[in-house]
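One structure below.
None of the figures in this text is laboratory data; all of them are computed from the coordinates on show. Predicted model only: the values in this text are computed from it and were never measured.
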Amino acid sequence: MESEILEQLGRNRRLVVGLSLASGVAGLVPLPLTGGVGIGLVRAFLVGRLARRRALELPRGLTLVLAGGFRQPSLSRLAAIGAVVVGTRLAWRRLSRTLVTLLRFDEVGRTFLLGTYFEYYLLAHRRQQGPMTADEAGRLAEAIRRASASAWGHLVTALFRKTVSDVVRAGTFVPRTLWSLARSAMENGEGDSVEQVVEDDVHGFFGRVTQMLEHELSATGKVTLEALCAAFDAAWTQPPLAATGASR
């Protein structure tokens, strides 16, 4: 893989890490269906922001396709209600101290892979100009699902769990802004403020997790960013499921 692509991916790493952790918090919403919807809203927000940073015109409906799909706007309103419930029922100090137990690291890992693979596709595979089409988004979503389902996806989940555990053990508890970040993304609030919170946190929680995660990715032998992207390359070259089914 070209070093330039790796460098480009690193420029948005903190945003991807921050919203990945926010998706793990969104999954804690204690209302039926709401947790999954909240995760989808955070993921759609992440894809939309990455597209904007890469100057890609991505219709709102296609962010939902890439995020996994969920109904709107009724469920987004339910997600906002869930945010209020969690905000009043969970003591933030307790959430901070039991983060490793409560966070849904499987969802955190999947969100991280979604953001990484989406950006990698734009940098390494997309050749056409203009806005993304529905067919392109559908094929991309399928490739991301395939790549994320590989063993590498499980390893990323384990790395996030280890990294966050080490940061919390060192005495760096989750800032109160983590839940605010998740809630803002779920409610599709002011995007610039969400990005600013993450990017300004160079030496705080997001910054430390990002730094440690990058160290783990580069120091853990086969578990490298190159290997993750190679999994996407393999998934992208496979024929779409619809085409495979039609040929049988």
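3J(HN,Hα) along segment 165-182, derived from phi through the Karplus expression 6.51 cos²θ - 1.76 cosθ + 1.60 where θ = phi - 60°, amounts to 4, 5, 5, 5, 4, 6, x, 8, 7, 5, x, 4, 5, 5, 5, 4, 5, 4 Hz, with x in place of Gly and Pro. Would you mind calculating the gained length between Glu7 and Asp192 on full extension (0.36 nm times residue separation, minus the Cα-Cα distance), in nm to one decimal? Net length gain for the segment: 64.3 nm.
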